[in-house]
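Notes follow once the structure below has been shown.
The values are calculated or read from the model by the stated rules, or taken from the named source; none is laboratory data. All of these numbers come straight from a predicted model, not from anything done at the bench. All Cβ positions, even for glycine, are placed from backbone atoms using ideal geometry, and neighbour counts span all protein chains on display.
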Amino acid sequence: MVTPTDTARPPSTGTATVLETEGVTKSFGGVQALRGVDFHLAEGEIHALVGENGAGKSTLIKVLTGVHRPDEGSVRFAGREVEFHRPAEAQRAGISTIYQEVNLVPLLSVARNIFLGREPRTRFGLVDTAAMNRRAAELAGSLGVDIDVTEDLGRLGLGAQQMVALARAMSVDSRVVIMDEPTSSLEAREVATLFEVARNLAGRGVGLVFVSHRLDELWELCDRVTVLRDGQLVHAGPMAELDRVNLVAHMLGREVADVVRGGTTEFGDTHRRDREPVLAVTGLDVRKRLHDVAFTVRPGEVVGLGGLLGSGRSETVKAVYGALPVRAGTVSVDGRPVRANSVRHALRSGVALLSEDRKAEGIVPDLSVRDNIALAVLPRFSRAGLVAERRIDALVDTFVRRLRIKAAGPHQKVRELSGGNQQKVLMARWLCTEPRVFLLDEPTRGIDVGAKAEVQALIDELAEQGLAVVLISSEMDELVEGADRIVVLRDGTVERELSGELLTSAALLAALAGAGAGSEEHDDE
């Protein structure tokens, strides 16, 4: 197991540190998001901040920018200790942030968004629209963006909006610019422009914090890297001294000594090999998210989707389910095509999706256990506006017993249950639809060890009953132990497939790092 290392020292280049934290700790409702984190950003440095979901990256950024105040520890900016109480204070001090989700005002013009709250004024105190538009056009031009700055921001594409957010950051005399997944909505040309601007800013002494799930970008752009895992610092140092495998090992908490290289082997489970696929996915393409994704799942088989944050795992199952707009590709169940971009048709075809975020996309907290389970089958058990209550009661009782859901009764509010039992309620909801394909996105996330074991056993039971199961998990051991094959995704494409003797944690680690056959690690980039 890779353990936290005391490497968070500032660079020994003689360059002054512009932004740093010492021993920062932050908790939310008893959950520690950061634990004694030290972070050092030098002037003129482009510093990568990396880690998987839940590692603490976003919390650290929010502490640096005044969204959150640390419970313990300190933040120093330009050599003095600071306490920002709101983002506006951090921005006035010289810290600008560009978020993945553009946080601008779509109904205002591009120019107004760039100078919002800092509009140039005439000598009479009125907004100098002509000067504002002129300066906005100059900023947009310096970024290589050809847009009408008087047009409403909401009329632009996401990539152009992201560049406007960058122009806003540049319009402030910032000493630090934090870029949180800035390339996620950009085309290749826009990414190249962004990197050029970032290098120019660094050349002027601005310190940049760069967050990206695209590993290639880190070596292309960044000087140093800080890796967080489970709210702790696990590595900090020069980017050039870290190869892909070691970076991924730090992120996931794995040893790298036994990392193997290799391609794929034949699917090894002979009793399933010759069965016709229940689910067949070919050439799946979602704009800027997925490209040419293809895989199959046979009856009784659990196929894992592996990949780092941003690899396209959740996007893949949502596209199969019809919840993301697919530009190309086909999905079929039992040889029959599933209509693209139609959740209704996917459900009718026998596809069920347990989404990653059960609170936002799953449970209805103020409804009962019974009503949460019955939601998916109400159309089937209703006629002329009347609901067959007894049939629903019988079905709910069956699944409460079968999944061993611990509740005071079917009418208890689902928000009162433990996380593990809430997850079982959602699984019961979709099993009521008698699916042929069950897509499970992080089914054990956020539940205790005992409930996790029960959910894992249930997945095995479902496979034994002939369901085709697609399993997503950020825990490598869970994926390796629970899947018959693993399809590894990277940057929205299939990197490779692991099965048979190569279905090991070491092989998966190598695949996640992109260090398989025909690829080389970064040695001196």
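Only residues that are without any contact (Cβ under 8 Å) to a residue 12 or more places away in the chain and under 24 Å from Ala453 (Cβ atoms): list them for segment 388-401, please.
Thr398, Arg401
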Requested in this report: Determine which single condition Asp441 fails, assuming it passes every other condition in (1) under 23 Å from Ser349 (Cβ atoms); (2) out of contact with any helix residue (DSSP H, G or I) (no Cβ under 7 Å at 6 or more places or on another chain); (3) not small (Gly, Ala, Ser).
Outcome: (2)
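How many residues are part of a helix (DSSP H, G or I) and either over 20 Å from the mean Cα position of the chain (by Cα) or hydrophobic (A, V, I, L, M, F, W, C) (or both) when one looks only at segment 57-79?
First, pick out the residues of segment 57-79 that are part of a helix (DSSP H, G or I): 57-64.
If we keep only those that are either over 20 Å from the mean Cα position of the chain (by Cα) or hydrophobic (A, V, I, L, M, F, W, C) (or both) too, we end up with 60-61, 63-64.
Total satisfying the criteria: 4.
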Query raised in the report: Which one of the conditions (1) part of a helix (DSSP H, G or I); (2) surrounded by fewer than 19 Cβ atoms within 10 Å (Cβ to Cβ) does Gly54 fail to meet, given that it meets all the rest?
Result: (1)
Query raised in the report: Among the numbered criteria (1) of a type in the set (Val, Ile, Thr); (2) within 14 Å of Gly492 (Cα to Cα); (3) modelled with pLDDT of 95 or more, which single criterion is violated by Val338?
Result: (2)
Report summary line: Flagged in segment 172-217 as of a type in the set (A, V, I, L, M), assigned to a helix (DSSP H, G or I) and under 25 Å from Arg92 (Cα atoms), in numbering order, are Leu194, Val197, Ala198, Leu201, Ala202
Query raised in the report: So Gly66 fits all but one of (1) more than 16 Å from Met170 (Cα to Cα); (2) surrounded by 20 or more Cβ atoms within 10 Å (Cβ to Cβ); (3) touching a residue at least 60 places away in the same chain (Cβ under 8 Å); (4) not hydrophobic (A, V, I, L, M, F, W, C); what number is the exception?
Result: (3)
Query raised in the report: For segment 177-192, which residues satisfy the criterion of being polar (S, T, N, Q) and modelled with pLDDT under 75?
Result: Ser184, Ser185
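Sort out which residues of segment 351-370 are of a type outside the set (Gly, Ala, Ser) and surrounded by fewer than 19 Cβ atoms within 10 Å (Cβ to Cβ), and write them in order of number. Give the steps one after another, and end with the answer.
Step one: filter segment 351-370 for residues of a type outside the set (Gly, Ala, Ser), giving 351, 353-354, 356-359, 361, 363-367, 369-370.
Within segment 351-370, Asp357, Lys359, Glu361, Val364, Pro365, Asp366, Leu367 meet the criteria.
Quickly run through segment 102-127 and pick out the residues that are charged (D, E, K, R) and either free of Cβ contacts under 8 Å to residues at least 12 places away in the same chain or not in a loop (DSSP other than H, G, I, E, B) (or both). Outline the logic, then answer.
Step one: of segment 102-127, the residues charged (D, E, K, R) are 112, 118-119, 121, 123.
The answer is Arg112, Arg121, Arg123.
Among the strands (runs of 3 or more DSSP E) confined wholly to segment 410-519, which include 3 or more residues that are closer than 23 Å to Arg358 by Cα? Let's see the steps before the verdict.
Working: elements: 437-441, 468-472, 485-490, 493-499.
Passing ranges, in order: 437-441, 468-472.
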Requested in this report: Filter segment 175-210 down to residues that are free of Cβ contacts under 8 Å to residues at least 60 places away in the same chain and of a type in the set (Ser, Thr, Tyr) and give me whichever is nearest to Asn103 (Cα to Cα).
Outcome: Thr183
Query raised in the report: among the hydroxyl-bearing types (Ser, Thr, Tyr), surrounded by fewer than 20 Cβ atoms within 10 Å (Cβ to Cβ) and at pLDDT 90 or above - does that describe any residue in segment 310-325?
Result: no
Query raised in the report: Since Ala236 meets every condition but one in (1) crowded, with 18+ Cβ neighbours inside 10 Å; (2) out of contact with any Ser or Thr (no Cβ under 8 Å at 6 or more places or on another chain); (3) at pLDDT 90 or above, which condition does it not meet?
Result: (2)
Requested in this report: Give the residues of segment 103-114 that are modelled with pLDDT of 90 or more and out of contact with any strand residue (DSSP E or B) (no Cβ under 9 Å at 6 or more places or on another chain), sorted by residue number.
Outcome: Ala111
